[in-house]
1. Hey, among E83, E23, which residue is over 22 Å from E130 (Cβ atoms) and touching a Gly at 6+ places or on another chain (Cβ under 7 Å)?
2. Is it the case that the stretch 100-108 has a residue that's in contact with an Asp or Glu (Cβ under 8 Å, 6 or more places away or on another chain) and open to solvent by less than 40 Å² (accessible area, probe 1.4 Å)?
3. Against the condition more than 23 Å from E93 (Cα to Cα) and either among the aliphatic types (A, V, I, L, M) or out of contact with any strand residue (DSSP E or B) (no Cβ under 9 Å at 6 or more places or on another chain) (or both), how does G76 come out, does it pass?
4. So the check is Cβ under 6 Å with 6+ separation or different chains; which pairs have a first residue in the stretch 64-84 that's closer than 12 Å to T10 by Cα and a second one that's at pLDDT 90 or above and aromatic (F, W, Y)?
5. Looking at G42, G77, G58, which is the one that is surrounded by 15 or more Cβ atoms within 10 Å (Cβ to Cβ) and assigned to a loop (DSSP other than H, G, I, E, B)?
Amino acid sequence: MNQTLYSDITLKYLTQNHPEFLESIDFKEDQSFDCSVRSKSGNRFLWIATYNLEITIGFENHKKECDWHFHVGASGGNKQNEELKELTKQLNEILNNHQVFILKDDKYIPLDKNEGLAVAENEKLYVWNEI
């Protein structure tokens with residue numbers, strides 16, 4: 001599979017399943033793209049990218065500095081349908097406020113993706129609507 005086809009399939013999927021990301025689609029020279037939605041406070045962006053034939057999601061601030069990112073799959077398009085379903089699962093966890101984040105060094109970090117992360121007793125936890 002080539003990058004153009006990979007991005008086209010992903011874009012069609014986003015159109016049907018996550019249209020809130022469509023307003024910010026930014027195609028790159030290699031036909032990969034990224035897109036994002038802004039948090040309620042405007043403090044962070046939840047982004048999706050199709051670079052290098054893989055789907056990646058993450059948070060970044062207004063300076064385009066990445067808090068974290070997660071590679072949904074790196075199958076080179078061989079398991080794209082499964083990866084798109086996983087994308088929806090991950091996005092729904094975040095957007096429906098099921099994913100919990102902690103603020104460390106001015107970065108919102110998902111707790112379950114960093115199991116070794118120590119949480120102090122009085123430390124505030126956040127969900128998407130609070131970021």
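The values are calculated or read from the model by the stated rules, or taken from the named source; none is laboratory data. Since the structure is predicted, the reported quantities are computational estimates derived from the model, not experimental observations. Note: ideal-geometry Cβ built from the backbone for every residue, glycine included; neighbour counts use all protein chains shown. Each accessible area value is taken on the protein alone, full model and side chains, heavy atoms only, with ligands, DNA and RNA left out. Shrake-Rupley method; radii C 1.70, N 1.55, O 1.52, S 1.80 Å.
1. Answer to the check: E83.
2. yes
3. Taking the combined requirement at face value, the residue satisfies it.
4. Hits for this filter: G77/Y6; L84/Y13.
5. Result of the check over G42, G77, G58: G77.
Quick grid of which residues meet (1) in a helix (DSSP H, G or I); (2) closer than 19 Å to E83 by Cβ; (3) open to solvent by 70 Å² or more (accessible area, probe 1.4 Å); (4) of a type in the set (K, R):
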position	(1), (2), (3), (4)
Y6	yes, yes, no, no
I9	yes, yes, no, no
K12	yes, yes, yes, yes
Q16	yes, yes, yes, no
E20	yes, no, yes, no
E23	yes, no, yes, no
E29	no, no, yes, no
S36	no, yes, no, no
